[in-house]
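Notes follow once the structure below has been shown.
The values are calculated or read from the model by the stated rules, or taken from the named source; none is laboratory data. All values reported here derive from a predicted model rather than from experimental measurement. Neighbour counts are summed over all protein chains in view; Cβ atoms, including those assigned to glycine, are modelled from backbone coordinates with ideal geometry.
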Protein chains: 2
Amino acid sequence: MKTDIEIAQECKLQPITEVAEKIGLSFEDIELYGKYKAKIPLESLKKFEGNAEGKLVLVTSINPTPAGEGKSTVTVGLADAFARLNQKVMVALREPSLGPVMGIKGGATGGGYAQVLPMEDINLHFTGDIHAMTTANNAIAALLDNHIFQGNALNIDSRRVVWKRVLDMNDRELRHIVAGLGSVVNGVPREDGFDITVASEIMAVLCLATSLTDLKARLSRIVVAYTYDRQPVTVGDLEIEGAITVLLKDALKPNLAQTIEGTPVLVHGGPFANIAHGCNSVLATKTALKLADVTITEAGFGADLGGEKFLDIKTRQLGKTPDAIVIVATLRALKMHGGVAKTELTEENVAAVTQGFANLKRHIKNMARYGAPILVAINQFASDTEAEIAELTRLVEAEGVAVSLTQVFEKGGAGGIDLAEKLTNIFSQEAKEFHYLYDLEASVEEKISTVVTQIYGGKKVNFSAKAARQLKEIEENGWDKLPVCMAKTQYSFSDNPKLLAAPEGFEVTVRELVPKIGAGFIVALLGDVMTMPGLPKKPAALNMDIDESGKITGLF
Amino acid sequence: MKTDIEIAQECKLQPITEVAEKIGLSFEDIELYGKYKAKIPLESLKKFEGNAEGKLVLVTSINPTPAGEGKSTVTVGLADAFARLNQKVMVALREPSLGPVMGIKGGATGGGYAQVLPMEDINLHFTGDIHAMTTANNAIAALLDNHIFQGNALNIDSRRVVWKRVLDMNDRELRHIVAGLGSVVNGVPREDGFDITVASEIMAVLCLATSLTDLKARLSRIVVAYTYDRQPVTVGDLEIEGAITVLLKDALKPNLAQTIEGTPVLVHGGPFANIAHGCNSVLATKTALKLADVTITEAGFGADLGGEKFLDIKTRQLGKTPDAIVIVATLRALKMHGGVAKTELTEENVAAVTQGFANLKRHIKNMARYGAPILVAINQFASDTEAEIAELTRLVEAEGVAVSLTQVFEKGGAGGIDLAEKLTNIFSQEAKEFHYLYDLEASVEEKISTVVTQIYGGKKVNFSAKAARQLKEIEENGWDKLPVCMAKTQYSFSDNPKLLAAPEGFEVTVRELVPKIGAGFIVALLGDVMTMPGLPKKPAALNMDIDESGKITGLF
């Protein structure tokens, strides 16, 4: 089989102007970035404000394993299937971070014949959104430290600065630093550190903002430090929310790209699915809903993390809940949940499928409680056997849930027709009422407890001494009516990455709470979350090259 | 008078496709970045390789003073004047750094009615070139530290890493840091620091590269560290020159913009004129020469710094020397060189003009020695009196040099017609032979001494103990045949910013030598050079805002 980059480079791209025409956007409505990428300015979106919204499909998955699930691949292939059925369809995806590209081979734009193009650009600088966020984040940091340096009128305690600098780079050397050294003219010495840009609150803010004005208001609310008497200091207190919004004016515009089959894709915003909410931007999803009859979108990691946050955080800003939820599973991954080692996945093992199904079963039950119809997509791999497929189909159908075998990696849209038809059938039925998991009026403690007991299947939530103190501070500052953003391992329902399938009776510990007031949620850290990755011993960068004609090799 | 941003926002921009047509580039030949910016891909340039090259005009100036010279303004206005005379003309300018925009009000795209547009974009993220360079620079840093962390096969002495990280931000807090703290999994503790991106060798490399292949070769030669036995370690030794070239593939393409009057402008590359060579990219200038009959370009700071480096460093890569050199002066600035305080510049003072002329006179003599014809442009200000103008005209003409009064700030191209006509007259005369200031075969010491005695008017060059040791190392490494890149104050011919006009008999001290083997020059540091600026007490960011329609205020 060809590699992803080989398939991508053999594909004849359509000019992005032609892709735009498919959803009613003229040359004047878009801003080109080269021939195959474009931004949709917010004034163009206003033209379509009156349009009725199309159907929304959320693609989520079981807990990821090293075997791979192919959630983005199914998302892309499903959209291409709808296009083959002559539906006006769009995809809304996250944009990938450049940092990891230097480290680990592999992009984030689908795979095989279900990819988003131009994949090299999307995985590198794309239209500059993440660089603009890096700049905005670091402008806040520089202006904050300059405020302290120039007299500190706001009485900021330099030991309580909570705003870190960022780079879109995997750079462990910058995790913990001491800055401001050298002499009195070189700043104020203090402990500091860098995160990767996609972990910045700026990313979450941009992805939840509904307009330039809302973006500015959210930026203004970001808490960057505390005073000597423990009062929060915001971007608004520094009087720089206008400047920071200026830096993000273009990054806020959704980016248009295309699938291998020419289906329009919005690739916009890419917050982490642990310390942030893990979904593409509200503006991109809203745009797709207004321009297309069917929008396919996905959420990061499994249904317990990205899925839950899509439903409890993003939809509240989007003003629209999904018309169907597709849960992607692979037999390989379920066999791992059933106890099979990665090296033995190619051998048939029906019993392991039966056992690993426990993971999928809990995700089905979890997603069903929100009220939207559920479908399971089995993303087929060459090594899957007929007996395994039959067993999984039987198990899913026994739950009263429709199941579809997809082959989009190998066949593109043709491999997703059955799934698209089953969804079309669902759309023709009467919609059920949507239920949020928790009420925003509940306390932060209750909201966390609801997620842990109702979604994760845990027994009890413990709070560290620090977290318990923070619960009180959050209430005192009036932040307790915000939704919670759970940060835990993606590999397990629990906070222990080794507990696969569907663990029960476990307790989790909230180590720390992080108020993200600009984004509008309270992050609950269950264990360590890595916000600045490192590079491996043999980084992917060592294999990359480009020739005089501009052809790239070794990127994927 | 209106502010620059008011004039810019009132101007009706031409679609960049129409601007491109003026120089024979079709829609297919360019890559749009929105409606008013474009990149020219290198394959389009190849189409015009066979074209004869047009005339090249270098715009330089006297030593800058706080009174302002308006070199970019004259450059832009002069091009508009040529356009009014129906000449096929282009401008080639540096692109500004975003960092200072947050600090000090004022852009770098000309002023008044002689500006480059869209000025907000050019002064912010533009087409992402500088962000790509930040990323490329920091990828080298992360991969280098990762190499040390993962076993250090190259035997790099972590105390002798000479590659700093960069941000396009004025951030004094990052000048001196200790990185790699936290624990054994978080890197190797060492002293480090950040520069502003435009001070990175990446910027100089990109601006001197003549193709993707040449870019890769130059990147490969960059020295990033030394081993425990003092041998240089390069990007090529790390085997990452391919990956870094991939990151710069789009940044290497020249950017097309326009003047207020619709004249095509290439805005590409912006190296510092102290620790680097201070000119826009070789590829942009070469492109303009191939596409237009007349190309107007400028070099940073005064003729002693940017001018000398344009002539001795850039033209060697460009393969073309200027057909004329314009030296810009203002009466205000010459009066400051003549001893007048900034607060008293509006009062007539002919004697100060006479005295301050010494500065211009030495620049005329310096530039004339290269062989290209010289012209002086007086960039007129409202406070200039007739007597002052008459005195300066008399003094310049007494040197046998033509002089032209330009009013481009107020009148756009109409204010530069006389200068354009005088240049046209020069072009009709037979070209004189061009003489480089020094022979590359001379020793580094000799080359530095030639610049100091022949251009600066100094008596003697001293070398610090460190610099003396470095002279030897440079010779041992075989780097001594490279040109020298002088880094000194821009305010004086000497290394003392207070010595205005035309000081004589002074000595200068070379504090340190920095081999920039990728760029292909040896930097000689005469005094401290700031490579990471700070923010002022009231940063410009505090005044910036943007409304829901996207209209920016307070940027300039």
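Looking at the stretch B:251-264, is at least one residue more than 30 Å from B:G415 (Cβ to Cβ) and out of contact with any Asp or Glu (no Cβ under 8 Å at 6 or more places or on another chain)?
There is at least one residue in the stretch B:251-264 that is more than 30 Å from B:G415 (Cβ to Cβ) and out of contact with any Asp or Glu (no Cβ under 8 Å at 6 or more places or on another chain).
For A:I244, work out the one condition from (1) closer than 21 Å to A:R165 by Cα; (2) of a type outside the set (S, T, N, Q); (3) part of a loop (DSSP other than H, G, I, E, B) it doesn't fulfil.
Among (1) closer than 21 Å to A:R165 by Cα; (2) of a type outside the set (S, T, N, Q); (3) part of a loop (DSSP other than H, G, I, E, B), A:I244 violates only (3).
Look through the stretch B:22-39, keep the residues that are away from chain A (no Cβ under 12 Å) and touching a residue at least 40 places away in the same chain (Cβ under 8 Å), and return whichever of them is nearest to B:L266 (Cα to Cα).
Here the answer is B:I23.
Quick grid of which residues meet (1) at the interface with chain B (Cβ under 7 Å from one of its Cβ atoms); (2) assigned to a loop (DSSP other than H, G, I, E, B):
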site	(1), (2)
A:N146	yes, no
A:N170	yes, yes
A:V188	no, yes
A:D195	no, no
A:C207	no, no
A:D214	no, no
A:S220	no, no
A:V224	no, no
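I need the full set of residues from the stretch A:148-168 which are among the basic types (K, R), more than 10 Å from chain B (Cβ to nearest Cβ) and surrounded by 20 or more Cβ atoms within 10 Å (Cβ to Cβ), in order please.
A:K164
Among the numbered criteria (1) crowded, with 23+ Cβ neighbours inside 10 Å; (2) assigned to a loop (DSSP other than H, G, I, E, B); (3) within 7 Å of chain B (Cβ to nearest Cβ), which one does A:G182 miss?
Of (1) crowded, with 23+ Cβ neighbours inside 10 Å; (2) assigned to a loop (DSSP other than H, G, I, E, B); (3) within 7 Å of chain B (Cβ to nearest Cβ), only one is false for A:G182: (1).
Condition first: free of Cβ contacts under 8 Å to residues at least 40 places away in the same chain and not in a helix (DSSP H, G or I). Now tell me which residues in the stretch B:394-406 satisfy that.
B:E399, B:G400, B:V401, B:A402, B:V403, B:S404, B:L405
Residue check, A:C485 against (1) surrounded by fewer than 22 Cβ atoms within 10 Å (Cβ to Cβ); (2) away from chain B (no Cβ under 14 Å), all met but one. Which one?
Condition (1) is where A:C485 drops out.
Out of everything in the stretch A:541-553 that is touching a residue at least 24 places away in the same chain (Cβ under 8 Å) and more than 7 Å from chain B (Cβ to nearest Cβ), what residue ends up being nearest to B:A136 (Cα to Cα)?
A:N543
Out of all the residues in the stretch A:2-37, which are among the β-branched types (V, I, T), in a helix (DSSP H, G or I) and within 26 Å of A:K411 (Cβ to Cβ)?
Result: A:I5, A:I7, A:I16, A:V19.
Pick out, from the stretch A:466-556, the strands (runs of 3 or more DSSP E) lying fully within it that include 3 or more residues that are under 23 Å from the mean Cα position of the chain (by Cα).
It comes to A:484-487, A:512-516, A:521-525.
Report whether or not B:E201 is of a type in the set (D, E, K, R) and more than 24 Å from B:W479 (Cα to Cα).
Here the answer is no, as B:E201 does not meet what is asked.
With respect to A:F82, is the statement that it is surrounded by fewer than 21 Cβ atoms within 10 Å (Cβ to Cβ), within 15 Å of A:A292 (Cα to Cα) and more than 14 Å from chain B (Cβ to nearest Cβ) true?
No, not satisfied.
I'm trying to understand the selection: among the residues of the stretch A:22-51, which are crowded, with 18+ Cβ neighbours inside 10 Å and among the hydroxyl-bearing types (S, T, Y)?
A:Y33, A:Y36, A:S44
Would you confirm, using the coordinates I've provided, whether A:G187 is at pLDDT 95 or above and closer than 30 Å to A:D80 by Cα?
no
Determine if the stretch A:249-257 includes at least one residue that is farther than 17 Å from A:I156 by Cβ, of a type outside the set (S, T, Y) and facing another protein chain (nearest Cβ under 8 Å).
So far as the stretch A:249-257 goes, yes, one or more of its residues are farther than 17 Å from A:I156 by Cβ, of a type outside the set (S, T, Y) and facing another protein chain (nearest Cβ under 8 Å).
Any residue in the stretch A:471-495 that's within 16 Å of A:F521 (Cα to Cα): show its pairings with residues that are crowded, with 20+ Cβ neighbours inside 10 Å and among the hydroxyl-bearing types (S, T, Y) at Cβ separation under 9 Å, as long as the two are six or more apart or on different chains.
Listed pairs, sorted by first residue: A:M486/A:Y456; A:K488/A:Y456; A:K488/A:S494.
Would you be able to say whether some residue in the stretch A:446-469 is acidic (D, E), at pLDDT 95 or above and touching a helix residue (DSSP H, G or I) at 6+ places or on another chain (Cβ under 8 Å)?
No.
Across the stretch B:532-556, which residue is surrounded by the fewest Cβ atoms within 10 Å (Cβ to Cβ) among those that are among the β-branched types (V, I, T) and modelled with pLDDT under 95?
Among those that are among the β-branched types (V, I, T) and modelled with pLDDT under 95, it is B:T553.
Let me confirm something: among A:V59, A:V101, A:V19, which residue is buried (at least 22 other Cβ atoms within 10 Å of the Cβ), within 14 Å of A:T295 (Cβ to Cβ) and touching a residue at least 24 places away in the same chain (Cβ under 8 Å)?
One residue alone meets the criteria, A:V59.
Can you tell me which residue is nearest to the other protein chains (Cβ to nearest Cβ) among those in the stretch B:85-141 that are part of a helix (DSSP H, G or I) and over 22 Å from B:E201 (Cβ atoms)?
The selected residue is B:M102.
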